[in-house]
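Engineer: Mind having a look at this structure? Questions to follow.
The values are calculated or read from the model by the stated rules, or taken from the named source; none is laboratory data. Predicted model, so just to flag it, every value in this text is computed and none were measured. Cβ atoms come from the backbone with ideal geometry, glycine included; neighbour counts cover every protein chain shown. Remember, those area values only see protein heavy atoms, side chains included, never the ligands or the DNA or RNA. Shrake-Rupley method; radii C 1.70, N 1.55, O 1.52, S 1.80 Å.
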Amino acid sequence: MQSTFKDKVVIVTGGANGIGKCIAEEFRRYDAFVYVIDKQEGCHFVGDISEKQVLEALVTEVLSKHDKVDIIINNALPLMKGIDECTFEEFQYALSVGVTAPFYLVKLLAPHLAEGASIVNISSSRDRMSQPQTESYAAAKGGIAALTHALAVSLSGKARVNSISPGWIDTAYTIYEGPDAVQQPAGRVGNPMDIANMVLYLCSEKAGFITGENICIDGGMTKQMIYHGDNGWQLNEL
């Protein structure tokens, strides 16, 4: 990995905490030039990616120091609110962060992508399953999963574009026992390294024949069929 990512130019949105921070740290560990943008204050580019001018300023800063970009990780977290409380403006904001910003960032950087460039979009297992009152987040994550295969086709020969759909990822690396763990076929809750490892693989030459794919990393949780009374599951009706 050291030689794979040394001196590569990497942009990570939402990289101040959680999965994004882990991804950024892993690329830095392999001597890449990593640019993080996040709303949280810190030693990175601070800004709200829902704003067009913020993305343009980020790109200007990166290109003032480099003539190309090798890797883009669209990771920033959309707002999660449901149909009962989510306003029109809040829903639009979730889509702006989760879908429009990734599209526009890639559009701005498309002329500057290095040979063999890779783009990884962070979706969610909620792009295919839901809890009640999560419409804004589900729509944004479903949108970026679809955006992935569209970009993969449009950028054919210029960049590979894939997405990852994390399941339950505990960003504090908490070790869960009991039902929280055993309800997942892998027997545990995930952590950010489970996602970062796949990001590194997808951005490496080893994944050179993979593009347009969505890879769900959820410990098998979305593959387990649940029936009342089966395998110890019980539905407690309200």
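Engineer: Tell me, what is the per residue accessible area of the chain in Å², probe radius 1.4 Å?
Structural biologist: That works out to 52 Å² for each residue.
Engineer: Here's another thing I want to ask about it. Under the rule of at least 5 residues apart or a separate chain, name every residue whose amide H is placed under 5 Å from the amide H of L79.
Structural biologist: The answer is A94.
Engineer: A follow-up question, please. List the equivalent ellipsoid semi-axes of region 96-231 in whole Å, largest first, each obtained as the square root of 5λ for an eigenvalue λ of the Cα gyration tensor. Intermediate values should be presented prior to the final figure.
Structural biologist: Details: eigenvalues 181, 58, 33 Å².
Here the semi-axes work out to 30, 17, 13 Å.
Engineer: Lys and Arg at +1, Asp and Glu at -1: add these up for the other residues within a Cβ distance under 14 Å of Q184 and post the number.
Structural biologist: Net charge around Q184: -3.
Engineer: Just for the Cα atoms in the chain, what are the lengths along the principal axes, largest first, rounded to whole Å?
Structural biologist: Computed over the Cα atoms, the extents are 60, 42, 36 Å.
Engineer: From the phi of every residue in region 66-79, what ³J(HN,Hα) in whole Hz does the Karplus formula 6.51 cos²θ - 1.76 cosθ + 1.60 yield, where θ is phi - 60° and glycine or proline is x?
Structural biologist: Ordered by residue, 3J(HN,Hα) equals 9, 9, 7, 10, 9, 9, 10, 10, 8, 10, 3, 8, x, 5 Hz.
Engineer: Would you report the distance distribution of C-alpha pairs in region 95-142 as whole percents per 10 angstrom bin, up to the bin with the largest distance?
Structural biologist: 23, 42, 24, 9, 1
Engineer: Further question on the same structure: So what's the angle, to the nearest 10 degrees on a 0 to 90 scale, between helix 18-29 and the longest Cα principal axis of the chain?
Structural biologist: 40
Engineer: Just to confirm the number: angle between the C-alpha axis of helix 52-65 and the first principal axis of the chain, 0 to 90 degrees, nearest 10?
Structural biologist: 50
Engineer: Might you report the magnitude of the Cβ-based charge dipole of the chain about its Cα centre, with Lys and Arg at +1 and Asp and Glu at -1, to the nearest 20 debye?
Structural biologist: Dipole of the chain, to the nearest 20 debye: 720 debye.
Engineer: Going 7 Å from the Cα of Q133 along its beta-carbon direction, which residues of region 81-95 have the amide nitrogen within less than 19 Å of the resulting point?
Structural biologist: 81-92, 94
Engineer: At 7 Å along Cα-to-Cβ for each site, give me the label-to-label distance between V182 and E51 in nm.
Structural biologist: 5.1
Engineer: Just how far, in whole angstrom, is region 84-98 from region 8-23 if you go by their alpha carbon centroids?
Structural biologist: Between the Cα centre of region 8-23 and that of region 84-98, the gap is 23 Å.
Engineer: Amide H neighbours of I11 under 5 Å, counting only residues 5+ apart in sequence or on other chains, H built in-plane at 1.01 Å?
Structural biologist: Amide H neighbours of I11, under 5 Å, 5+ apart: Y35, I71, I72, I73.
Engineer: Can you compute the helix-only [θ] at 222 nm over the chain? Use -39500 (n - 2.57) per DSSP H run of at least 4 residues, normalise by all residues, nearest 500 deg cm²/dmol.
Structural biologist: On the way: 8 runs with 82 residues, N = 238.
Helix-only estimate at 222 nm: -10000 deg cm²/dmol.
Engineer: Please report the projected area of region 156-238's Cα convex hull averaged over all directions, in nm².
Structural biologist: For region 156-238, the mean projected area of the Cα convex hull comes to 7.7 nm².
Engineer: Which GluC sites (Glu not before Pro) from region 53-149 combine a DSSP loop assignment with at most 12 other Cβ atoms within 10 Å?
Structural biologist: E85
Engineer: Let me ask you something else. A152: net charge of surrounding residues, Cβ under 11 Å, Lys/Arg +1, Asp/Glu -1, itself excluded?
Structural biologist: +1
Engineer: Of the accessible area of the chain, with the probe set at 1.4 angstrom, what percent is carbon plus sulfur? Display every interim value, and only then the final one.
Structural biologist: Values: 6770 of 12490 Å².
The computed percentage sits at 54.
Engineer: Mind checking which lysines have their Cα closer than 23 Å to the Cα of K8? Skip sequence neighbours fewer than 8 apart in that chain.
Structural biologist: Here the lysines satisfying the reach criterion relative to K8 are K21, K65, K68, K107, K158, K206.
Engineer: With r as the distance between the Cβ atoms of I175 and D7 and R0 = 25 Å, compute the FRET efficiency 1/(1 + (r/R0)^6) and round to 0.05. Intermediate results must be reported in sequence, preceding the final value.
Structural biologist: On the way: r = 36 Å, r/R0 = 1.46.
The pair D7/I175 has a calculated efficiency of 0.10.
Engineer: So who's got an amide H within less than 5 Å of the one on S123, skipping anything under 5 residues away but keeping other chains? H placed 1.01 Å off N, in plane.
Structural biologist: I164, S165
Engineer: Right, something else. Quick one, can you get me the convex hull of the C-alpha atoms of region 92-171 expressed as volume per residue in Å³? Before the final figure, lay out each step's value.
Structural biologist: Working: hull volume 8.0 nm³, N = 80.
Convex hull of Cα atoms, per residue: 100 Å³.
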